[in-house]
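The values are calculated or read from the model by the stated rules, or taken from the named source; none is laboratory data. Remember, it's a predicted structure, so these values are computed and weren't measured experimentally. Because the Cβ atoms are built from the backbone with ideal geometry, glycine has one as well, and the counts that use them run over all protein chains shown. All accessible areas refer to the heavy atoms of the entire protein, side chains included, with ligands and DNA or RNA removed. Shrake-Rupley method; radii C 1.70, N 1.55, O 1.52, S 1.80 Å.
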Amino acid sequence: MPRKAHAPRRLVAEGREYRWTHSHSHRRPNGGPPVDCRQTLTLTYRPGERAVSRFRVVFDQGPGRYVPGGGFTGSGDVGFVRGAGLNLHEPGAVRALLQVALTRGWQPDVPGETTADGWTLLEEAAALREHAPRPV
């Protein structure tokens with residue numbers, strides 16, 4: 001049975017269970033037409049009964065970067081035009097971004113919301129992803 005497209009996905013890492021989603025959005029300056037694509041990955045961890053910790057990784061469109069927007073990219077692809085890239089549909093890519101977030105200080109046990117510029121995490125996460133063992 002296929003999963004629901006917008007339902008959070010489950011990821012278990014280092015003994016913790018996270019939920020993750022990703023979305024596509026645009027800015028609308030002065031209520032006008034949409035411009036500047038943005039891809040957001042959200043990792044959620046519930047360390048307590050009501051407590052929630054969220055880590056948002058935001059990939060804004062810009063020079064030398066690609067985010068999904070139709071045309072030549074897949075719906076989850078983000079990356080540098082001449083460099084590293086990830087597909088945010090792949091659990092391994094999400095796991096790599098999580099690992100980088102943890103090494104850079106995100107504390108999932110502390111409730112609250114943290115937002116990071118995904119471009120500052122991408123190259124390190126892509127390198128982890130590239131060297132990670134692949135399922136057989």
(message) Suppose we keep only residues that are closer than 22 Å to A7 by Cα and part of a loop (DSSP other than H, G, I, E, B) within the stretch 52-69. Which one would you say is modelled with the lowest pLDDT?
(response) G69
(request) From E49, E90, grab the single residue that is open to solvent by 80 Å² or more (accessible area, probe 1.4 Å) and out of contact with any Cys (no Cβ under 6 Å at 6 or more places or on another chain). (result) E49
(request) Just need a number here: residues in the stretch 107-127 that are buried (at least 18 other Cβ atoms within 10 Å of the Cβ), more than 20 Å from C37 (Cα to Cα) and not small (G, A, S). (result) 1
(request) Would you mind finding the one in A93, A125, A101, A116 that is part of a strand (DSSP E or B) and in contact with a helix residue (DSSP H, G or I) (Cβ under 8 Å, 6 or more places away or on another chain)? (result) A116
